[in-house]
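Structure record follows, encoded as structure tokens.
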There are 2 protein chains.
Amino acid sequence: MASEFAIIEQYFSDIGKAADNTLLGVGDDAAVVDLPPGQQLVVAMDTLIEGTHFPQDTSPADIAYKSLAVNLSDLAAMGATPAWFLMSLSLDSDDPQWLSRFAGSLKKTADEYGLQLIGGDTCRGKLAISIQIAGHLPNDQFVTRQGANAGDIILVSGELGNAAMGLAQQQGKLELAPALQSKCALALNRPRPRLELGPFLRRFASSAIDISDGLVGDLKHILKASACGARVRLEALPVDPWIEQHGAWDYALGAGDDYEICCTLPAELSAEVDTWNHANPDCRLTPIGEITESGYYLQDGDHRIDLDQRQGYRHFA
Amino acid sequence: MASEFAIIEQYFSDIGKAADNTLLGVGDDAAVVDLPPGQQLVVAMDTLIEGTHFPQDTSPADIAYKSLAVNLSDLAAMGATPAWFLMSLSLDSDDPQWLSRFAGSLKKTADEYGLQLIGGDTCRGKLAISIQIAGHLPNDQFVTRQGANAGDIILVSGELGNAAMGLAQQQGKLELAPALQSKCALALNRPRPRLELGPFLRRFASSAIDISDGLVGDLKHILKASACGARVRLEALPVDPWIEQHGAWDYALGAGDDYEICCTLPAELSAEVDTWNHANPDCRLTPIGEITESGYYLQDGDHRIDLDQRQGYRHFA
């Protein structure tokens, strides 16, 4: 097998374009970076493990894409702009074809989002990709889970449930029509981090979160951090008509893997949502309910479901 | 099993003291940090996997310590001061006793080295700890592998080979006397990152590297980056007398897991080494040879061994 150093040199020494602030990249004991003036650094870390976070037969290109995308989604939820990343890659073999496909997709994705790989390591083990990502943000403009207030509108980006339907289809638990199947497979394997929302979130949002663990569970993190409640309206959820027709709301509410953003907005700024949606039809924001003083409910017509009794998808559940 | 969020909240929300520059720590989609004025950020990432980087019966306290120490050693090799870290923890169970011992040792080590855990994730999988560490450094004073010049003295910190002897003893391949056994077990499980060398390296060193993969292989990285050669003198290597008596030089030359620093110094600064050693008896620097124009040799009396034919310890070897 090739050595760790040979793998890094051959496949991972040229991923993404160097920024002016990167003083030393891949190839030393550590990398050295600077911060642009007036900016703060936003950092997150997420690991994808074969069998847990993606099925064993996932293509190397999809694995590379998704490893970056899930981390980029964390930056998006803070309102940050991507800058650089480190990767620890655990490999069970060093198949050159697998590695070059993985590296090719990683490079393409890094270029697309303006990121550079500046360091990390490779080691032998079960296939796992651990990425630590960093982005920039104008001083003190980061958006957290804390800050939602009673009366705020709750918004979500995109459509919910498609990734989970894609997984169910892949596992043979669902049989979808070809067009819907393609849409759901794309949502599962190529989720688009909502980085374009950054300026909107920084300017208007009172709180924001990435709903990768499912809307119900992740919105609850906002409620806990902000010490408030929420009422979500089922009929307002942005879903594919299939979910509505089949009453399969669990895909949208709890299944997770949708890398969409849930945020809250003071009600008096509601016109900003229309302005945003007009200018950004591919990243629509949909009002799905309101922040309240307390309690956590799903309103389904006249029927009210207590969401405090439900759980989002948990890795340890 | 407990959820990912419960594990983070219970065990990992209070590791290390918050620095003034940490604006948002554990508990959101990402953390937010600032850089002190006049400083640059040094970042590295290293993963430890059970079975590959530590034996299956290693204590949780030793695993936590070593996960941080190997990353701190990368900062030490750059001349940086520790600031914060992110951790991705893959667990095969959530045994509360294991977790509290692991977290307790992580906290103690983080406090000792002035680091704070500001983010990361936990997931289910084979036991693996991926840490991304960051440190600070005065602007443009980082020390790289590039910069060694013919005539420079080659120095190493501490003693070489003890960690590898500790591992051999643990695996039943060696039978050491009790005192030496303790010293070697400590070197294996509790390596001390040489952070105190920072000011010396920034001021005097022409290049530096962490020799965790073994002296011969890691010094070669300096030679490659600096486009030069080296002559190492066997009898100069700082080793326990046991290695000399048994001619077991492989432990010191190639086995790795010594988290010592190898650096180079212009010959006219050799008096600085004496000054350093006088003031820092616990982190002695030993001259082991010279940088040359080309070639890579080990001098053993009249015998000259070509080191370009040897390999350091490689994860994929």
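Read the figures in this text as sums done on the coordinates, not as results from a lab. A quick note: this is a predicted structure, and the numbers were derived from the prediction, not measured. Reconstructed Cβ throughout: ideal geometry from the backbone, glycine too, with neighbour counts over all protein chains shown.
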Hydrodynamic radius of segment B:4-138 per Kirkwood, over alpha carbon pairs, in Å: 15.0 Å
Taking the Cα centre as origin and putting +1 on Lys and Arg beta-carbons and -1 on Asp and Glu beta-carbons, what dipole magnitude results for the protein assembly as shown, to the nearest 20 debye? 80 debye
So what's the back-of-envelope 222 nm ellipticity for the protein assembly as shown, counting only DSSP H runs of four-plus at -39500 (n - 2.57) apiece and dividing by all residues, rounded to 500? -10000 deg cm²/dmol
Which whole-number percent is the relative contact order of chain B (Cα, under 8 Å, 6+ apart)? 22 percent
Report the relative contact order of segment B:138-188, percent, no decimals, based on alpha-carbon pairs under 8 angstrom and at least 6 residues apart. 37 percent
Could you tell me how many degrees, from 0 to 90 and to the nearest 10, lie between the Cα long axis of helix A:215-226 and the main elongation axis, the longest principal axis, of the Cα atoms of chain A? 80 degrees
Distances from B:Glu175 to the same position in the other copies: list them in nm, one decimal, shortest first, using label points 7 Å from Cα along Cα→Cβ. 7.0
Segment A:131-271 - percent relative contact order, Cα under 8 Å, separation 6 or more: 44 percent
At 0.36 nm per residue, minus the direct Cα-Cα distance, what do A:Ala6 and A:Asp140 gain on full extension? Give it in nm, one decimal, please. 44.1 nm
What nm value, rounded to one decimal, do you get for the distance between B:Asp300 and B:Ser93 when each label is placed 7 Å out toward the C-beta? 4.7 nm
May I ask you to compute the full-extension gain from A:Asp282 to A:Ser270, defined as 0.36 nm times their residue separation minus their alpha-carbon distance, rounded to one decimal in nm? 2.4 nm
How big, in percent, is the set of alpha carbon pairs in segment A:61-150 lying more than 21 Å apart? 36 percent
Note the angle between two axes, namely the Cα long axis of helix A:178-189 and the longest principal axis of the Cα atoms of chain A, as a number of degrees from 0 to 90, rounded to the nearest 10. 60 degrees
Translational diffusion coefficient of chain B at 37 °C, 0.692 mPa s, Stokes-Einstein with Kirkwood Rh over Cα pairs, in µm²/s as a whole number. 160 µm²/s
Measure nothing fancy, just the Cα-based angle from helix B:270-279's long axis to the longest principal axis of chain B, in degrees from 0 to 90, nearest 10. 50 degrees
Suppose you put the label 7 Å out from Cα in the Cβ direction; list, shortest first and in nm with one decimal, how far A:Gly51 is from each other copy's label. 0.8
Any idea what the B:Thr275 label distances to the other copies are, label 7 Å down the Cα→Cβ vector, nm, shortest first? 6.2
I'd like the distance separating the alpha-carbon centroids of segment B:215-275 and segment B:186-200, in whole Å. 16 Å
Label-point separation (nm) for B:Lys126 and A:Glu293, each offset 7 Å from Cα along Cα-to-Cβ? 5.5 nm
Report the per residue volume, in Å³, of the convex hull enclosing the C-alpha atoms of the protein assembly as shown. 153 Å³
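Can you pull the mean other chain C-beta count within 10 Å for peptide A:34-43?
Average per residue, whole number: 6.
Roughly how crowded by other chains is peptide B:213-221, in terms of the mean Cβ count from those chains within 10 Å of each of its Cβ atoms? Let's see the in-between values first.
Values: counts 3, 0, 0, 0, 2, 1, 0, 1, 4.
Rounded to a whole number, the mean comes out at 1.
Counting each pair of different Cα atoms once, what's the Kirkwood radius of segment B:236-300 in Å, rounded to one decimal?
13.9 Å
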Between A:Lys224 and B:Gln181, what is the FRET efficiency for a Förster distance of 41 Å, r being their Cβ-Cβ separation, to the nearest 0.05? 0.20
